[in-house]
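Data first, discussion second: the structure below is written as structure tokens.
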Amino acid sequence: MKKETIHPAKALSGGIELPGDKSISHRYAMLAALAEGTSELRHFAAARDCHSTLGCVKSLGADVHVDGTTVKITGRGLRGLKGSWRNLDAENSGTTIRLLSGILSGQEFTTRITGDDSLQRRPMKRVVTPLRQMGAYIRAREDNFPPLEIHGGKLRAVHYEMPMASAQVKSAVLFAGLYADGQTVVTEPAKTRDHTELALELFGARVEKRGRTVAIQSMVSGDGKGSLQAKSLDVPGDLSSAVFFIAAASLLPESNLFIGNVGLNPTRSAILDFFQGMGASVSVVNLQSTQGELVGDLSVKGAPLKGGLISGELVPLLIDELPMLAALGPFTEQGIEIRDASELRVKESDRISALVENLKRMGAKVEERPDGLRLEGRGAGTVHGAEIEPRGDHRIAMAFAVAGLAAEGETVIRDAGCAAVSYPTFFEELRRVSEGR
């Protein structure tokens, strides 16, 4: 089991370019597999999760060639995928299994898809329910957990009112909508990231957006018949990965860090507003629109952080960033409070429990709640280094590595290799920009 030792640092300085955005890489790869022709995806995510998606679409018949961070995928067309004789393996990737379930529901063959022990504990009923309404026959362990056995076929269009805000559920239904018999409509209770809608439009699907409602026209039936077309695309840097460096630079007073080529999609950039609201010195430069996605550079300097409350409609917009924000809590003036975030219980780990356990190990004053937690700020006492148990969760490991930079004494991250799920070179990059300690 790989361990990483984090030493206190005075500053983060220099420049960093992030790996490709995970969310976008997943979606581009899936749509490229359904397109006609060969797509070239540059700066594709290094994350193990995204390479799980590549493995799955390859098993379904797409031709996949990886050369460094450039991926070429020759698609099979909307009706050209083929059944796999073995189980598809999504490994640790919830995005892979949930989004592919939408595509597989429209195929005329049966697929079994599973993942590692962690993924097999993650709830799937949220995607199984609407896909069954559309006509797919899906079996799940305890009717909720992987493995999933998906008998695809002819689907009917629905108007699905989502009971919870989830970009993955919305995406699964929209992907299935490519194969339904008319216009499929999804209404979400709170706005979530819209990478799927943008990617579908890029590849040639007919998508309509009205507030929190998204509609997609069938591409295999009626007058909606058509095809997706291969594309040559650049994946922007991953904002969720940038958050760890923004947090670290903010914590250390002498920091002056430049982060280049970051995806700044408005449905993801609420984290920047939250940081700025806490008093962080984060500025956006060179903002431009590329392939429907906003991309820019970030300049971050050290600044005292006030803390704050995250609740309600803000939660789905910050769901991936909540572990890092929680780990910042003991170093802020007022502390951090998270409410309405019970979804954290069913991520790669029970993130609320994992955060509370490890924050207590570092001496933080924290109260665990069913749907979140409350952390006291820096006036509550000294935060010290400790041995951190991330429970195999990449975001927990990276969040506490950042906290370790500002703690007293050494912090040891156990099972640090789990960070590779999203950011294989995270610890090397963190050391590189914080070597001025």
### Query
What ranking of TYR179, TYR137, TYR160 emerges when the number of other C-beta atoms within 10 Å of each C-beta is taken as an exposure proxy, fewest first?
TYR137, TYR160, TYR179
### Task
Please order LEU309, LEU12, LEU317 by the number of other Cβ within 10 Å, starting at the fewest.
LEU309, LEU317, LEU12
### Query
Just for the chain, what percent of DSSP beta bridges are antiparallel, to the closest 5?
70
### Task
Go through 151-158, 247-254 and give me the packing order, highest mean Cβ count within 10 Å leading.
247-254, 151-158
### Message
P(r) for segment 262-325, please, calculated from all Cα pair distances in 10 Å bins and given in %.
### Response
20, 49, 29, 2
#### Entry: Per principal axis, descending, Cα span of segment 20-71 in whole Å
24, 18, 18
### Task
Before anything else, pin down the relative contact order of the chain: Cα pairs under 8 Å, at least 6 apart, normalised by residue count, whole percent.
19
### Message
Pick from LYS209, LYS191, LYS82 the residue whose mean-square fluctuation is largest in a GNM of the chain, springs joining Cα atoms under 10 Å.
### Response
LYS209
### Query
Cα atoms only, segment 22-221: Rg and Dmax in Å?
15.2, 42
### Task
Could you let me know the centre-to-centre spacing of segment 389-432 and segment 225-304, using Cα atoms, in angstrom?
20
### Task
Just list whichever of LYS22/LYS191; LYS2/LYS170; LYS22/LYS58; LYS125/LYS209; LYS72/LYS170; LYS22/LYS209 have alpha carbons separated by over 29 Å in the model shown.
LYS2/LYS170
### Query
Reported to two decimal places, what Rg/Rh ratio describes the chain when computed on Cα atoms with Rh from the Kirkwood expression?
0.97
#### Entry: Gyration tensor verdict on segment 293-334 (Cα atoms; rounded if a/c is under 1.5, prolate if a/b is larger than b/c, oblate otherwise)
oblate
### Query
What is the set of long-range amide H partners of ASP234 at a cut-off below 5 Å, with H atoms built 1.01 Å from backbone N?
ARG42
### Query
Considering amide H positions built from the backbone, and no H for Pro or chain starts, which residues 5 or more places from ILE6, or on another chain, come under 5 Å of its amide H?
THR411, VAL412, ILE413
### Query
log10 I(q)/I(0), Debye, Cα-only segment 151-308, no solvent, q = 0.16 Å⁻¹?
-0.92
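Read the figures in this text as sums done on the coordinates, not as results from a lab. Values in this document were obtained by computation on a predicted structure and should not be read as measured data. As a convention, Cβ positions derive from the backbone with ideal geometry for all residues, glycine included, and neighbour counts pool all protein chains shown.
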